[in-house]
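Here's the structure, in structure tokens; my notes come after.
The values are calculated or read from the model by the stated rules, or taken from the named source; none is laboratory data. Owing to the predicted nature of the structure, the values given are computational and were not obtained by experimental measurement. Virtual Cβ from ideal backbone geometry, glycine too; neighbours counted across all protein chains shown. Each accessible area value is taken on the protein alone, full model and side chains, heavy atoms only, with ligands, DNA and RNA left out. Shrake-Rupley method; radii C 1.70, N 1.55, O 1.52, S 1.80 Å.
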Amino acid sequence: MVATTVEIFMSLWSIFSTLGVLVGVVVMSYMIYLIVKNRARPGGPEPEDAPKPGELPREQKGAKKLLISVVLSASIVLTLISLTFIALDSLDTPPADAMEVKVVAFQWGWRFIYPNGYESVGELRIPRGTPVKLYVTSQDVFHNMGIIGLRLKVDAIPGKTNIAWTRVYETGVYDIRCFELCGDGHGVMIGKLVVMDPEEFNSWYSSLQVS
Amino acid sequence: MGLRVWVYLSVFAALVLMTVLELILFGMPLPRLIIDMSIVGLAGGKALLIALFFQHLAYEPRSLSAFALLGIGSVVAFLFLSVYSIMGIAFR
Amino acid sequence: MDPQQLPPGHSIKRWLLTTNHKDVGILYLVTSLYFLVLGGILALVFRLQLADPGLNILSPPAFNQAVTIHGLVMVLFVVSPLAFALANYVVPLQIGARDLAFPRLNALSYWLYLFGGLLVMISFFQDRTLDVGWTLYQPLSSAFSPYVGVNTGGLGLALLTASVTVSTVNFVVTIFRSRAKGLRLTALPMFTLGVLLTVLMMLYAFPALLAGIILLSSDRILGTVYFTSPEGGAILWDHIFWFFGHPEVYIVLFPALGVFGDVLVTFSRRPLFARRIIIAAMVVVAALSFLVWGHHMFLTGMHPDVRRAFTVTTIAISLPFDAIILSFIYTLAKARIELKTPMLFVLGSIAIFIIGGITGVFLGSIALDYVLRGTYFVVAHFHYTMAGGALVGLIAGVYYWYPKMTGRMFSEKLGRLQFILTMIGFNMLYFPLFLSWEMPRRVPIYVESLMPLQQVATIGGFIFGVSFLVMFWNLLYSLRYGEPAGNNPWGAHTLEWMTESPPPPHNFDGTPTFADGRLSFIAANGAAHGEPETHLSPWPFMLSLASFTALLGLTTHIMVSIVGVGLLAFSVLGFAGERFISREDPLGERWPFDRVDRMKLAWWTFISSEVVLFGVVLSAYVYVRTASATWPAPGTLLDIGHGAMNTFILLTSSLTVVLALASARTGNRTGTVGFLAATLALGALFLFNKYGEWSELFSHGITFSSSLPASTFFLTTGIHGAHVFAGLLALGYLLARALKGAYLGKGHETLEYFGYYWHFVDIVWVFIFPLFYLV
């Protein structure tokens, strides 16, 4: 696993997608089976209860069959809701020892403010293995900060600060992009997240000149 | 004067009284929350009186009142959930 | 009923003046297909751009305009109007009515829709049309988009919401009041049922959009600070927009669900499986649709309780859908399935919708939303539901009812060809977008590894586009050369097939009834009909043209507006004074509104939409007050004396209205005229007092843009004041007619209807007074 957020997402995603594909395949195969089996053949008999012109609508009875299907889906749905709530708890509770970085989105770029007051535009550096808590806001319009590959996203809203956190286990470089249409430069509002070896990070961080 | 007219006049008198009551409540030395709730409650009562007796919902089939309530219900859902969603959040 | 009244189909006069529901249906059909081509071409252009991020077909602003207008046009000007094309044509036929309840209002809906679309198109030729996404997020579309074209586009949307409100009132009244005897609500054909639930959702959703557009336009034009201030801002807009926007998803879908129901029964030769459960499930979805909007704003940082509540409602809404779709599929068991073009499209559309529905459950999970929000996964999901479920489903409807509309069969071969092209093109276009689930939406620039997927999508888009050309050719060619269809080519059982194709202007010879549980016709009794009904009126077109002109002037030249307002006054008087006859059949199934006449029901429907409009505006006030750290104490910003005085004035005016009504009822002309005049005077006094209050505030330098307390006060009381003003204009008209002796005795209902409006305006003030002045 690359990061905590990836872990949380992937465990949930695999359950949703397995169940989703399963349900989709079963339902659609059944539908195709019925269509192929019951295709009208020339001269074939008309079903006995075929609606006649001018009749009021009747219905095929089958509440039981439907009830079983719906109870089955209800149990799937309940499972999905509870799994979501469990995942949400971890996403909502950042560890206490996290490094806190303020992110200010603007048309069209990202400004990062480190705990020591150092500011940089476009590139955020974090140490590997340390939880990072992002306080995200915007100075102009509605943006959304998404870190591709880390399965992390948070709305950047003027006047409001939203919180997101992750912990990345491997060094590497990730794209930060805007996921909410924010004007002409929306497509080029790209930043970088650099995950560094902790020692390298510390030496870089302590060398910063903060005015 | 017919019965209807008497109803109209009494409802009007009640509306005026309730408005005066709102104004009196406004100046009372009571906790703000109690005053506010009572005033808004009185407004709801006034609206109900107007709907029932001036717009004649009291004399129409229940289905029409139920229909009118649907719209109010959707507004209440909107008000409640949108305001709840920002409880305890600071905007600068 | 004189069929000769309608000019022939090739005369322009017929199409400008017609109020017949079938003609209006055709107008809607042609116009919505025209907008489909427009929205489709825009899509193909940006699909070309997306085939290769290195291409420079569209500049970033052009790209943003293309995706924005594509979205707005497709959702609001194509899918819904296409559904209403079918609804216009088919619903009166399915319920055995001669026309909609208010034929002139129906024509008015159409023309308002067309002119609204024209305003949006004109905005293309101004500096910039809407370029802020169809969701119009804030504050991008208020403080950060200074373009005139955005104003024009917004006004076009306002005209569209007017059109929708008018047709909502019309369809609600028609379906409740004009059904053939014995046609209970649960016995309605599925399509009419779908339309009924659709218009009920529209009734409560569209006024919220109108409220949003009014607040937004006020921010842009008057300088209020609803969305430009952080306390209102982005999240307030999100709530308002999605409170409209999520029901809107079901609004475009439900007519298609209705098509599914009718077509499945016809082509599988079996009754619908668990029909009553389907209906109940649709009612549940319609109600729940107003409680799920928050899933569009999971990452905005809402209160945790609210996020959880929205997760539960959103995922739960999949259950009734389960019941609906599974019942459709179970219907196919032991059936005799004829795979004719309409049936193919329905089956294909259901299959596509299943994928759309399942992926919708993914998006209901907040935790997955942390990844999927704002990506192509969302784009793929809603195209699978709204393009695949709704649009493709409605195309099934177009084919299904084409023989009824034209009297000709279309080419089955070409129909199948289109079906194959649609299925291939659609899935090639949208399935790769699921796989691009980490790519942001609405960007022309993306990582190269996604290029193959995007290119497959572009090719699919062109195939999907060509499939529509096949359809257009088929529909046009068959108009002249198709086989004659006869009354009931599909052997269907519903009422629209029990008359000629195309039906005569009055739809049926005789009055259809299901009183004995089976269809029979009561012979038309010529004497009972009296004067022939009217089918032509110039005023719907004139009113819409006038509104269009008045709005266009706001963003071009003020003289244009002045001409428009003059034309509007002229048209309103023309409309009100025209002798237009449309009778309600004395026989009919009307539960639950048997004892509520159609005008009364129409007024209450309209008042309901006003309730939501003011409800949202007042909620916005409560919302920004809750969000604000400080707010002026009562009595500091506003003078309580002004508010109290206006309360007493308006309460008294409500009394005078009911006293005028009581006088009219007993034939007392002096009383009627006197009390109407008193109401007029009190209304004018209210506005005069308001004028004094506003000028006082202005003189202290407090204006629209001063602060949120000032903005909310001016705009809320401004919208209310505009309603009072409109009421005064109506009062002037009523007074002028009362002086000539109108409304006495039998005609007193008009005063009752006016009273509904006036008292409602009073009720709004009853809430404004404490909320703004005292609390």
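Remark: segment B:3-84 projects, on average over all directions, an area of 6.7 nm² (convex hull of Cα atoms). Computed about its Cα centre, the charge dipole of the protein assembly as shown is approximately 2360 debye, with only Lys, Arg, Asp and Glu carrying charge at their Cβ. For residue C:715, the solvent-accessible surface computed with a 1.4 Å probe is close to 10 Å², ligands and nucleic acids excluded. Share of carbon and sulfur in the accessible area of segment C:630-774 stands at 69%, probe radius 1.4 Å.
In percent, rounded to a whole number, the relative contact order of segment C:630-774 is 38, using alpha-carbon pairs under 8 Å and six or more apart. Taking amide H atoms as placed 1.01 Å from N in the peptide plane, the amide H of residue C:331 lies under 5 Å from those of C:273, each 5 or more residues away in sequence or on another chain. When C:23, C:305 are compared by accessible area of protein heavy atoms, the largest-first order is C:305, C:23, using a 1.4 Å probe.
Placing +1 on the Cβ of every Lys and Arg and -1 on the Cβ of every Asp and Glu, with no other charges, gives chain B a dipole of roughly 80 debye about its Cα centre.
The amide H of residue C:703, built 1.01 Å from its N in the peptide plane, has no neighbour under 5 Å, considering only residues 5 or more places off or on other chains.
The accessible area of residue C:611, taken with all protein chains in place and a 1.4 Å probe, comes to roughly 30 Å².
For chain A, the longest principal axis of the alpha carbon atoms and the long axis of helix A:63-92 meet at an angle near 0°. Both radii are taken from the alpha-carbon atoms of segment C:322-451; with Rh as the Kirkwood radius, Rg/Rh is 1.06. Span-like helix check, chain B: qualifying full DSSP H segments, with Cα axial length of 27 Å or more and mean Kyte-Doolittle of -0.5 or more, are B:3-27, B:62-84. For the chain pair C and B, buried accessible area totals roughly 5000 Å², probe 1.4 Å, rounded to the nearest 100.
Shielding by partners for peptide A:173-182, expressed as the average number of C-beta atoms from other protein chains within 10 Å of each residue's C-beta, is 6.
Inter-part distance, segment A:20-75 to segment B:21-56, computed on C-alpha centroids, equals 56 Å. Legend: residues in segment C:353-379 shielded by at least 50 square angstrom of accessible surface upon adding the remaining protein chains to the isolated chain (1.4 Å probe, heavy atoms) are C:358, C:362, C:367, C:368, C:370, C:371, C:373. In terms of the mean number of neighbouring beta-carbon atoms within 10 Å, the peptides C:686-694, C:78-86, B:51-59, A:137-145 order highest first as C:78-86, A:137-145, B:51-59, C:686-694. Each residue of segment C:630-644 was assigned a 3J(HN,Hα) from its phi angle through the Karplus expression (A = 6.51, B = -1.76, C = 1.60, θ = phi - 60°), giving 10, 8, x, 5, x, x, 8, 7, 10, 8, 4, x, 4, x, 5 Hz with x at Gly and Pro.
Couplings 3J(HN,Hα) for segment A:190-202, derived from phi with the Karplus relation 6.51 cos²θ - 1.76 cosθ + 1.60 (θ = phi - 60°), are 10, x, 10, 10, 10, 9, 10, 4, x, 5, 4, 4, 4 Hz, where x marks Gly and Pro. The heavy atoms of residue C:57 present about 80 square angstrom of accessible area, all protein chains included, probe 1.4 Å. Largest to smallest in accessible area, the residues C:30, C:259 fall in the order C:30, C:259 (1.4 Å probe, all protein chains included).
Before rounding to the nearest 500, sum -39500 (n - 2.57) across all DSSP H runs of length at least 4 in chain C and divide by the residue total; then give [θ] at 222 nm in deg cm²/dmol. Taking each H run of at least 4 residues, the total per residue is -22500 deg cm²/dmol.
Across peptide C:486-495, the mean count of Cβ atoms from other chains lying within 10 Å of each residue's own Cβ comes to 3. Probing with 1.4 Å while keeping every protein chain in the model, the per residue accessible area of chain C equals 31 Å². Partner lysines whose Cα lies under 30 Å from the Cα of residue A:102, excluding those fewer than 8 positions away in the same chain, are identified as A:133, A:153, A:160, A:192. Between A:62, A:54, A:146, the residue with the greatest mean-square fluctuation in the GNM of chain A (Cα pairs under 10 Å linked by springs) is A:54. Rounded to whole numbers, the Karplus 3J(HN,Hα) couplings from phi for segment C:135-148 are 7, 6, 4, 10, x, 4, 8, 9, 6, 10, 9, x, 7, 5 Hz, using 6.51 cos²θ - 1.76 cosθ + 1.60 with θ = phi - 60°, and x at Gly and Pro. The separation of segment C:182-216 from segment C:28-77, counted between C-alpha centres, amounts to 28 Å.
The overall shape of segment C:443-563 is oblate: from the C-alpha gyration tensor, with semi-axes ordered a ≥ b ≥ c, the ratio a/c is 1.5 or greater and a/b is no larger than b/c. Using a cut-off of 18 Å between Cα atoms, the listed pairs A:37/A:65; A:65/C:340; A:65/C:334; C:181/C:746 include A:37/A:65; A:65/C:340; C:181/C:746 as exceeding that distance.
Considering only alpha-carbon pairs that sit under 8 angstrom and 6 or more positions apart, the relative contact order computed for chain C is 16 percent. Taking every alpha-carbon pair under 8 Å whose residues sit at least 6 apart, chain A reaches a relative contact order of 21 percent. Of A:51, A:94, A:198, the residue with the greatest mean-square motion in the GNM of chain A, using alpha carbon springs below 10 Å, is A:51.
DSSP assigns beta bridges within the protein assembly as shown; of those with both partners inside it, close to 70 percent run antiparallel.
Across the protein assembly as shown, how large is the tail of the calculated P(r) beyond 54 Å, expressed as a percent of all Cα pairs? The answer is 19 percent, as a whole percent. Under 5 Å between amide hydrogens, built in the peptide plane, is the criterion, and for residue A:165 it picks out A:134 among residues at least 5 positions away or on other chains. Taken as Cα centroids, segment C:131-149 and segment C:389-414 sit 38 Å apart, rounded to the nearest whole angstrom. Interface C-A: total buried accessible area of about 7800 Å², 1.4 Å probe, protein heavy atoms only. I need the Debye-formula profile for segment A:99-206: one equal scatterer per C-alpha, no solvent, reported as log10 I(q)/I(0) at q = 0.13 1/Å, two decimals. Values, matching the q order: -0.42. The mean count of C-beta atoms from other chains within 10 Å of the C-beta of residues in C:755-768, rounded to a whole number, is 4.
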